[in-house]
Amino acid sequence: MAYIGTPPADRFVASKAASVYSGDGSTTAFTLQHSVGSDEDILVSVDGVIQEPSVAYAVSGGTTLTFTAAPSSNSGNNIFVYYLFRTVGTVGHPSNQALSATSGTFTGDLIVDTTSLIVDASSNKIGMGVDPSTMPSFATHSIKTANGGGVSITSPSSGDNRYIFFGNGTSSSDIQLAAIKNTSSDLSFLGASGQVQMVIDSTGAVTKPLQPAFLVKPTSQQNNLAVNDVLVFGTEIFDQNGDFANNTFTAPVTGKYQISAQLRIDNLDKSASYSRVYMESSNGFYESIFDVNDLSADPAYWMLNINILADMDANDTLFMKWSQGGGGANQALLTTPSRFSGYLVC
């Protein structure tokens, strides 16, 4: 079978065992007749005295013998070089041939096709399409594409997920931000500890499972409302981020919150100068007030609505209260069709 690649060096070489040179008292460099790999591959004698390798002489480039001090000019061939080992030839991999290996170690920089991939060993940086020396000092990896280009992460099977992770460790609890394109064509964004924070589904709809949002209602009617009574909402229809408890909404972050209340109050007292429901937080006070004094009889039921975009600080609380001015008795009641809701807008 024909050999493919650089022809191997000759297997059998008939060469001299020694070379002789004449010193002149000034020349320090001599050319060897055979290439050697190190100072110890030759035995050198000057005027019958064996010379110490790497001290009295050194070999560079395989064939240049250089003495530390110029050998004497004694008559005749007074320098003897005995070849202990010789570099006969080397075999190099052809540049246009494919290289196959199970592993490899590179001690220096690695460059693929100029700037397609550059591994800078001195700075421990990797550049794809960009020279690592031009990258910011805080960056260890960089990808640069031409105008109109992009970065693609694909999988060999439609049943596999595609991931991009940012974190400070290797476990799910170390995740700071991640994007996952999963098998249902949804794009999910994960936050701290791998919690799903946002999902964009195949229709383009965006959902945020941890976005603060709640809707509550009374478990049973609340009778005989007195001045400044807190309205009781004992049943959670949903509380998406767990921010509602004990009839109170607590803002988890500073922001703008849409707050709404639809309240059905029955058995009002027409003799009161006014009736009202209100909600309060550290940054605002919101109310709905009405007067039934001109009615001919006590209203059997009354519907109240409050809708406000409230400014709330982190850990600020908001709840609802009842109040009335004067009147003969605490006879109003909060009915179960009432609703109280809110969510973070921005």
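General remarks:
Rundown of residues vs (1) farther than 14 Å from L344 by Cα; (2) under 28 Å from the mean Cα position of the chain (by Cα); (3) surrounded by fewer than 16 Cβ atoms within 10 Å (Cβ to Cβ); (4) in the same structural domain as W322 (by TED's automatic domain parsing), yes/no style:
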residue: Q195; (1), (2), (3), (4): yes, yes, yes, no
residue: T203; (1), (2), (3), (4): yes, yes, yes, no
residue: V227; (1), (2), (3), (4): yes, no, yes, yes
residue: Q262; (1), (2), (3), (4): yes, no, yes, yes
residue: K270; (1), (2), (3), (4): yes, no, no, yes
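- Residue in region 105-125 that is exposed (fewer than 13 other Cβ atoms within 10 Å of the Cβ), part of a strand (DSSP E or B) and at pLDDT 90 or above present: no
- Selection status of Y286, among the hydroxyl-bearing types (S, T, Y) and either modelled with pLDDT of 90 or more or within 43 Å of the chain's Cα centre (by Cα) (or both): yes
- Verdict on I289 being surrounded by fewer than 15 Cβ atoms within 10 Å (Cβ to Cβ), of a type in the set (A, V, I, L, M, F, W, C) and touching a Phe, Trp or Tyr at 6+ places or on another chain (Cβ under 7 Å): yes
- Taking the criterion of being within 26 Å of M312 (Cβ to Cβ) and among the acidic types (D, E), the only residue of region 185-235 that qualifies is D229.
- Hits in region 208-262 (condition: more than 30 Å from G327 (Cβ to Cβ), of a type in the set (A, V, I, L, M, F, W, C) and in contact with a strand residue (DSSP E or B) (Cβ under 6 Å, 6 or more places away or on another chain)): L210, A213, F214, L215, I237, F238, F244, A251
- Answer residue from region 316-344, given it is at pLDDT below 95 and not in a strand (DSSP E or B) and is nearest to V277 (Cα to Cα) among those: A332
- Once region 190-213 is narrowed to residues that are farther than 28 Å from S260 by Cβ and of a type in the set (A, V, I, L, M, F, W, C), the residue that is modelled with the lowest pLDDT is A192.
- Restricting N330, N307 to residues that are among the polar types (S, T, N, Q) and touching a strand residue (DSSP E or B) at 6+ places or on another chain (Cβ under 6 Å) narrows the list to N307.
The values are calculated or read from the model by the stated rules, or taken from the named source; none is laboratory data. A quick note: this is a predicted structure, and the numbers were derived from the prediction, not measured. Backbone-built Cβ (ideal geometry, glycine too); neighbour counts: all protein chains shown.
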